[in-house]
Amino acid sequence: MAGLLSGLESLGLGNLENVGIYDKEKKEEKVREKAKVRKEPVFSETDFIYDKTFRCPACESSFTSKIMKTGKAKLIRTDFDLRPVYEGFAAEKYDVLLCPKCGYAALGRYFSFLLPAQAKLIREKITSNIVLTKYEDPTYSFEQALERYKIALACSVVKRSKSSEKAYVCLRMAWLLRSYREYLETQDGDNEELIESLQSQEDEYEENAYRGFLDARGTEDPPIAGMDSTTLDYLLAQLAFSLEDYPTCSRLVAGILNSSAGNPRLKDKIRTLKDQLSEIRNSEDKTE
Ligand SMILES: [Zn+2]
């Protein structure tokens with residue numbers, strides 16, 4: 001299986017390809033059932049994005065990046081792992097800001113926060129090696145967006161960011177891979193091999209998001225990646241269930257239901273998860 005940072009060699013960052021982002025062991029991948037197929041987009045992607053100017057905190061140059069317009073795309077659902085799904089628009093493509101001059105990249109939420117020591121690390125380990133591709137089309141393709149995420153993940157490792165930032169990049173990357181897969185599932189042609197590969201990459205990033213957020217929960221103060229503690233526990237419970245870590249899932253579910261915090265809709269979803277956990281326990285009891 002390719003590493004989280006594979007594909008960086010063509011960008012001059014091959015030395016980072018095999019770096020473990022949390023420096024811990026990988027668990028085995030697993031196959032999950034395919035998400036529902038989304039309807040054909042009826043809008044042009046350019047309707048939902050615009051060019052905004054940013055200042056790079058690593059090299060001080062100004063550049064423009066395509067970002068999502070607020071309030072324009074219509075939200076049609078939220079996935080189990082909090083991924084917002086918009087009608088005809090894969091919003092995750094436009095989450096990463098990438099400086100075309102020095103190669104520093106991060107999710108918009110984190111981009112501006114760079115300490116002088118971190119900027120130095122970026123210049124030494126990213127800027128001096130990276131060979132950037134040009135993004136000249138009016139939109140980013142899925143492949144281009146994936147490349148931008150990989151650079152952002154490499155930068156987060158190089159600048160020694162907190163687990164929560166790396167976890168958040170991994171989570172959003174899993175969302176992007178799902179968007180790509182769902183898009184391909186609506187297209188004609190023989191895409192089965194690519195779809196399978198996207199699914200296994202999605203599983204790998206999601207598992208890394210889970211591990212990173214679990215670590216962040218024990219070592220960082222909320223808000224974590226913009227989430228209050230109940231929302232983070234909700235996300236972790238969902239990821240734990242999806243990754244079949246039932247004991248952790250069960251503990252998180254109990255904690256959320258016993259807490260007075262958290263919105264009622266989120267609690268309803270947690271009750272559904274609790275029922276699913278009970279079903280699994282019952283079926284395990286029967287087979288024993
Ligand atoms: Zn820069």
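The values are calculated or read from the model by the stated rules, or taken from the named source; none is laboratory data. What you see is a predicted model, and the numbers here were worked out from it, not measured in a lab. Cβ: placed from backbone, ideal geometry, glycine included. Neighbour counts: every protein chain shown. Note: areas computed on protein heavy atoms with side chains; ligands, DNA, RNA excluded. Shrake-Rupley method; radii C 1.70, N 1.55, O 1.52, S 1.80 Å.
For the residue pairs LYS72/LYS93; LYS72/LYS101; LYS93/LYS166, the C-alpha atoms sit more than 22 angstrom apart in LYS72/LYS101.
Building the convex hull from the alpha-carbon atoms of the chain and averaging its projection over directions returns 16.5 nm².
Using the Cα gyration tensor of segment 213-273, with a ≥ b ≥ c the square roots of its eigenvalues, what is the shape: rounded (a/c below 1.5), prolate (a/b larger than b/c) or oblate (neither)? Note, shape of segment 213-273 comes out oblate.
Per-residue extension of 0.36 nm, minus the Cα-Cα distance of GLU9 and SER283, leaves a gain of 94.0 nm for this segment.
Taking a straight line from the alpha carbon of LYS52, not one of the aspartates and glutamates sits under 12 Å away once near neighbours fewer than eight places off in the same chain are left out. Taking Cα atoms only, the orientation of helix 192-219 departs from the longest principal axis of the chain by about 80 degrees. Normalised per residue, the accessible area of segment 40-164 is 49 Å², obtained with a 1.4 Å probe and no contribution from ligands, DNA or RNA.
Computed over segment 228-288, relative contact order equals 31 percent, with contacts defined as Cα pairs under 8 Å that lie 6+ residues apart. Once the 1.4 Å probe is applied to the protein heavy atoms, segment 228-288 comes out at 58 Å² accessible per residue. Helix 142-158 and the longest principal axis of the C-alpha atoms of the chain enclose an angle of approximately 90°. Lacking any other cysteine beta-carbon closer than 4.7 Å, the following Cys residues of the chain have no compatible partner: CYS155, CYS170, CYS249. Here the simple spin-label model places points 7 Å from the Cα toward Cβ, and for GLU60 and SER128 these points are separated by 2.0 nm. Extending 7 Å from the Cα toward the beta-carbon at both GLU136 and ASN18 defines two label points whose distance is 3.6 nm. Taking only protein heavy atoms and a 1.4 Å probe, the accessible area of the chain is 48% carbon and sulfur. Residues within the reach of a label modelled at THR219 (point 7 angstrom out along Cα to beta-carbon, backbone nitrogen below 19 Å), restricted to segment 226-252, are 226-227, 229, 232-233, 236. Using the alpha-carbon atoms, what tilt in degrees (0 to 90, nearest 10) does helix 229-242 show relative to the longest principal axis of the chain? Result, in degrees: 80.
Counting 0.36 nm for each residue step from SER259 to PHE43 and taking away their Cα separation leaves a gain of 73.6 nm.
Springs between Cα atoms under 10 Å define the GNM used for the chain, and in it the highest mean-square fluctuation of TYR180, TYR205, TYR246 occurs at TYR246.
Assuming a ≥ b ≥ c are the square roots of the Cα gyration tensor eigenvalues, decide whether segment 111-218 counts as rounded (a/c under 1.5), prolate (otherwise, with a/b larger than b/c) or oblate. Taking the square roots of the gyration eigenvalues as a ≥ b ≥ c, segment 111-218 is oblate. Can you classify segment 186-242 as rounded, prolate or oblate using the Cα gyration tensor, where a ≥ b ≥ c are the square roots of its eigenvalues, rounded means a/c under 1.5, and otherwise it's prolate if a/b beats b/c and oblate if not? Verdict is prolate for segment 186-242. What the Cβ-Cβ distance of ASN191 and SER112 gives, at R0 = 41 Å and to the nearest 0.05, is a FRET efficiency of 0.60.
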